[in-house]
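One structure is given here, and the rest of the page talks about it.
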Amino acid sequence: MSPEHQSPEHDNTQHDNTEHQSLRDLLRKARVRAEAPDFDPDEAPADPVGLFREWLTAAVDGGVPQPEAMTLATSSPTGDVTARTLLLKDLDDAFWFASSSLSPKGRQLNQNPRVALTFYWREQGRQVRVLGEASRGPRDVSAADFTARHPDSRAVAIAQRQSTPIDDAQDAEARLAEAKERIASDDEFTPDDWTAYRVAPTAIEFWQATTGRDQVRLRYDRTPDGWDRATLWP
Ligand SMILES: Cc1cc2nc3c(=O)[nH]c(=O)nc-3n(C[C@H](O)[C@H](O)[C@H](O)COP(=O)(O)O)c2cc1C
């Protein structure tokens, strides 16, 4: 709370300043320099999806934990923005993820398919930002994604709509038990809302920390004939 909003008997300014100082000290200590692989934009391929594949492979080979985790930002037509972590499920000319089309993200995607994806591989000082348009993949891809999931997570996905409040714990338990039975009796069952989405990229930016304090940024923008490239000021 800022000092002007406090009554004199609740003047915590001194305390707040000390807290801020110690938090700043804490954050300063947290700055550990990443081991930066070499990245020369002049040597980068013409196709950014190929470069993404190289970086993802380097992240997997380099032991980056959960390198397939990415942040997906979506927005409504009125400009409300939300972001959450998801797993990258596949990569061809598009970035694939899977979720419920009835979830808040699914509903936003229905209204506004434009999205941003961000990967951060901190052990290698790398970030990749993707802009693009999401669309639903074929039904058989969604089904293959769903049936490959652990039976328990399939049961959770069909027991109740994603992101709805749990009002009654007993009811939730009963729904989950019913869902587990359903999955056990039909291993191929896929709910209609489970959807494999593909994000066709319109721009991809690669960000690399260097061993100094610099960063190298290379951005690709989709054109009718291919991709334009530009290095960006950090
Ligand atoms: C590492 C990680 C991976 C996740 N992967 C997925 C995923 O692949 N699909 C999914 O629907 N939710 C996934 N989640 C949960 C989402 O972050 C989110 O809580 C959920 O999809 C509901 O989002 P929404 O309310 O914005 O629709 C993951 C969460 C974490 C932390």
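Tally Lys/Arg at +1 and Asp/Glu at -1 over every other residue whose Cβ is under 12 Å from the Cβ of F95; what's the total? List each step's numbers first, then the result.
On the way: positive: R53, K89, R129, R198; negative: E68, D90, D92, D93, E133.
Its environment carries a net charge of -1.
Checking the cross-link filter: which aspartates and glutamates have an alpha carbon closer than 20 Å to that of K105, excluding same-chain neighbours under 8 positions apart?
E68, D80, D90, E133, D145, D192, D193
Could you state the accessible area per residue of the stretch 146-220 in Å², with a 1.4 Å probe and every protein chain left in place?
59 Å²
Counting Lys +1, Arg +1, Asp -1, Glu -1, what net charge surrounds W55 among other residues with beta carbon under 14 Å of its beta carbon?
Here the charged neighbours net out to -4.
Taking a quarter of the surface of the Cα convex hull of the stretch 126-182, what do you get in nm²? List each step's numbers first, then the result.
Details: hull surface 25.9 nm².
So the Cα hull casts an average projection of 6.5 nm².
DSSP loop trypsin sites (Lys or Arg not before Pro) in the stretch 202-234 with at most 11 other Cβ atoms within 10 Å of their Cβ, which ones?
In loop regions of the stretch 202-234 (DSSP not H, G, I, E or B), the sparsely surrounded trypsin sites (Lys or Arg not before Pro) are R213.
Which helices, taking whole DSSP H runs in the chain, have alpha carbons extending 15 angstrom or more along the helix axis plus mean Kyte-Doolittle at least 0.5? Could you put the intermediate results ahead of the total?
On the way: long enough: 13-30 (25 Å, -1.63); 48-61 (19 Å, 0.52); 169-185 (24 Å, -0.71).
Membrane-span-like by this criterion, though nothing is claimed about a membrane: 48-61.
Report the longest stretch of the chain that contains none of the GluC sites (Glu not before Pro) sitting in a DSSP loop with at most 14 other Cβ atoms within 10 Å.
That would be 36-187.
Just in the stretch 95-202: which trypsin sites (Lys or Arg not before Pro) are loop by DSSP and have at most 14 other Cβ atoms within 10 Å?
On the way: sites: K105, R107, R114, R122, R126, R129, R136, R139, R149, R154, R161, R175, K180, R182, R198; in loops: R149, R161.
Of the trypsin sites (Lys or Arg not before Pro), the ones in loops of the stretch 95-202 whose Cβ has at most 14 other Cβ atoms within 10 Å are R161.
Can you tell me what share of the DSSP beta bridges in the stretch 38-232 is antiparallel? A percent to the nearest 5 is fine. Write down the numbers at each step before the final one.
Values: 51 of 51 bridges.
Of all bridge pairs located within the stretch 38-232, approximately 100 percent are antiparallel.
Could you work out the local net charge near I204, counting Lys and Arg as +1, Asp and Glu as -1, over the other residues with Cβ closer than 11 Å to its Cβ?
+1
Quick one: pull the percent of accessible area on the stretch 38-232 belonging to carbon and sulfur, 1.4 Å probe, ligands and nucleic acids left out.
Heavy-atom surface of the stretch 38-232 belonging to carbon and sulfur, 1.4 Å probe: 47 percent.
Pulled fully out, how much extra length does the chain show between D80 and T147, if you take 0.36 nm times their separation in residues and subtract their Cα-Cα distance? Kindly include the intermediate steps, with their values, before the conclusion.
On the way: separation 67, 0.36 × 67 = 24.12 nm, distance 3.28 nm.
Residue separation times 0.36 nm, minus the Cα-Cα distance, leaves 20.8 nm.
Under a crude label model (7 Å from the Cα following the beta-carbon direction), how far is L26 from D90 in nanometres?
4.3 nm
The values are calculated or read from the model by the stated rules, or taken from the named source; none is laboratory data. Given the structure is predicted, the values throughout are model-derived calculations rather than measurements. Methodologically, a virtual Cβ is constructed for each residue, glycine included, from the backbone with ideal geometry; neighbour enumeration extends over all protein chains shown. For accessibility, only protein heavy atoms count, side chains too; no ligands or nucleic acids. Shrake-Rupley method; radii C 1.70, N 1.55, O 1.52, S 1.80 Å.
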